[in-house]
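Student: Below you'll find the structure I mean.
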Amino acid sequence: MSEPIKNRYEFVILFDVENGNPNGDPDAGNMPRVDPETGLGIVTDVCLKRKIRNYVETVKEDAPGYRIYVKDGVPLNRSDNEGFLKAGIEGAANLKNDELKKKIKAQKEQGTDVDRIVRDFMCSNFFDIRTFGAVMTTMVKGALNCGQVRGPVQMGFARSVEPVVPQDVTITRVAITTEADAEGKDTEMGRKYIIPYGLYRCEGYVSANLARKTTGFSQEDLELLWQAILNMFENDRSAARGKMAVRELIVFKHDSELGCAPAWKLFDAVKVIRKNPQDVSPARAYSDYAVSVDEAVLPDGITCTRMG
């Protein structure tokens, strides 16, 4: 793999949804997530990371070094087993916890650095571990120091710029479900939850220090991450997310590994306001907003790049 990145980054993602549900809450009947105190819409970091993983999996198709660890239908232990095999421990996925601990202890007593070997193997083979980190203690809790890999890329929850009002839309279908229903039904009813329009803002961080010390996250990985963020909704269409798009990605680059300024100062430089402040009607398009970056207030050593 290539050399780890040498610069710290912060970034802001602006994305919107029109007549869709960007992130349903399973505890609320899959209604769009909303902060009950402010009315602002919420999209979790887990949801956005899933889109990034899906994009990388689509474009890389399990190419060496770009496999995905957290993926649909694949047990984590199956991938963990490959790391243990690299460390000379066969059949780890089929061993009981105590048996596996004994094998790990025996390997360590022979001078094998099992923690480092497993961690390095998983980081070099799985893009999402190298990027976001992972918890890999499901087979042998507490016996491996590599069990929790802290990734250099972290993202917060996305919040809408203005309050959103989810709508409960009743829908019908002409197809009925059972033979018994055929006697007295012509249609069946259903429900769909949408947000008419919402512009969301997500803030994220890239640590060059963690990339160097832990996962080896490289410049090539960083470029792929930017590409994945910009396109994370393009191959993820569904009836609930038919019209979602990343409108802009704003990246702040520090000229050092540890950074030149607090992240909040950079985030505060990004302003998203209504083009017409006197307009009190609900926003219904990205063109209703003006996005600006006050580069005059950026500290020395910071460069700003706008993509989208």
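Student: Go through 6/86; 60/265; 213/243; 6/101; 253/275 and tell me which ones have a Cα-Cα distance over 31 Å in this structure. Mind showing how you got there, number by number?
Tutor: Working: 6/86 29 Å; 60/265 35 Å; 213/243 40 Å; 6/101 37 Å; 253/275 28 Å.
Table pairs above 31 Å Cα-Cα are 60/265; 213/243; 6/101.
Student: Once the dipole of the chain is set up with Lys and Arg at +1 and Asp and Glu at -1 on Cβ about the Cα centre, which of 154, 85, 228 lies farthest towards its positive end?
Tutor: Projecting each Cα onto the dipole axis, the largest value belongs to 85.
Student: For residue 272 and residue 85, calculate 0.36 nm times their separation in residues minus their Cα-Cα distance, and state this gained length in nm to one decimal. Intermediate results must be reported in sequence, preceding the final value.
Tutor: Details: separation 187, 0.36 × 187 = 67.32 nm, distance 5.04 nm.
Net length gain for the segment: 62.3 nm.
Student: Right, another one. For segment 183-305, rounded, prolate or oblate, judged on the Cα gyration tensor with a ≥ b ≥ c (square roots of eigenvalues), a/c < 1.5 rounded, else prolate if a/b > b/c? Before the final figure, lay out each step's value.
Tutor: Working: a/c = 3.53, a/b = 1.60, b/c = 2.21.
Judged from the Cα gyration tensor, segment 183-305 comes out oblate (a/c at least 1.5, b/c at or above a/b).
Student: Now for a different question. With each pseudo-label sitting 7 Å past Cα toward Cβ, what's the residue 234-residue 294 distance in nm, one decimal?
Tutor: For the pair residue 234/residue 294, the computed spacing is 3.4 nm.
Student: In µm²/s, what is D for segment 1-131 at 25 °C and 0.890 mPa s, where D = kT/(6 pi eta Rh) by Stokes-Einstein and Rh is the Kirkwood radius from Cα pairs? List each step's numbers first, then the result.
Tutor: On the way: Rh = 18.1 Å.
Result for D is 135 µm²/s.
Student: Rounded to the nearest 20 debye, what is the charge dipole size of the chain about its Cα centre when +1 sits on each Lys and Arg Cβ and -1 on each Asp and Glu Cβ?
Tutor: Working: 42 positive and 45 negative charges, 147 e Å.
So the magnitude is around 700 debye.
Student: Over all Cα pairs of segment 233-308, how is the pair count split among 5 Å bins, expressed in % and running from 0 up to the last occupied bin?
Tutor: In order of increasing distance, the bins hold 3, 12, 19, 17, 15, 14, 12, 7, 2, 0 percent.
Student: For the chain, what class follows from the C-alpha gyration tensor (a ≥ b ≥ c being the square roots of its eigenvalues): rounded when a/c is under 1.5, otherwise prolate if a/b is larger than b/c, else oblate?
Tutor: Verdict is oblate for the chain.
Student: At a Förster distance of 30 Å, what's the computed FRET efficiency of residue 171 paired with residue 71, Cβ-Cβ distance as r, to 0.05? Could you put the intermediate results ahead of the total?
Tutor: Values: r = 31 Å, r/R0 = 1.04.
Between residue 171 and residue 71 the formula returns 0.45.
Student: Using mean Cβ contacts within 10 Å as the protection proxy, how do 156-167, 197-208 order, highest first?
Tutor: Numbers: 156-167: 18.6, 197-208: 22.0.
The most tightly packed comes first, giving 197-208, 156-167.
Student: Is segment 210-269 best put as rounded, prolate or oblate by its Cα gyration tensor, with a ≥ b ≥ c the root eigenvalues, rounded for a/c under 1.5, and otherwise prolate when a/b is larger than b/c, oblate when not?
Tutor: On the way: a/c = 3.20, a/b = 1.64, b/c = 1.95.
It is oblate, given that a/c is not under 1.5 and a/b is not larger than b/c.
Student: As I understand it, the dipole of the chain uses +1 on the Cβ of Lys and Arg and -1 on the Cβ of Asp and Glu, about the Cα centre. Which of 69, 177, 123 lies farthest toward its positive end?
Tutor: Highest projection toward the positive end goes to 123.
Student: Sorted by average packing, counted as other Cβ atoms within 10 angstrom per residue and highest first, what order do 222-231, 6-15 take? Before the final figure, lay out each step's value.
Tutor: Numbers: 222-231: 18.7, 6-15: 22.0.
In descending order of packing, they fall as 6-15, 222-231.
Taken together, the values in this text are just the output of simple stated rules run on the coordinates, not laboratory data. All of these numbers come straight from a predicted model, not from anything done at the bench. Quick reminder, even Gly has a Cβ in these numbers, built from the backbone with ideal geometry, and neighbours come from all protein chains shown.
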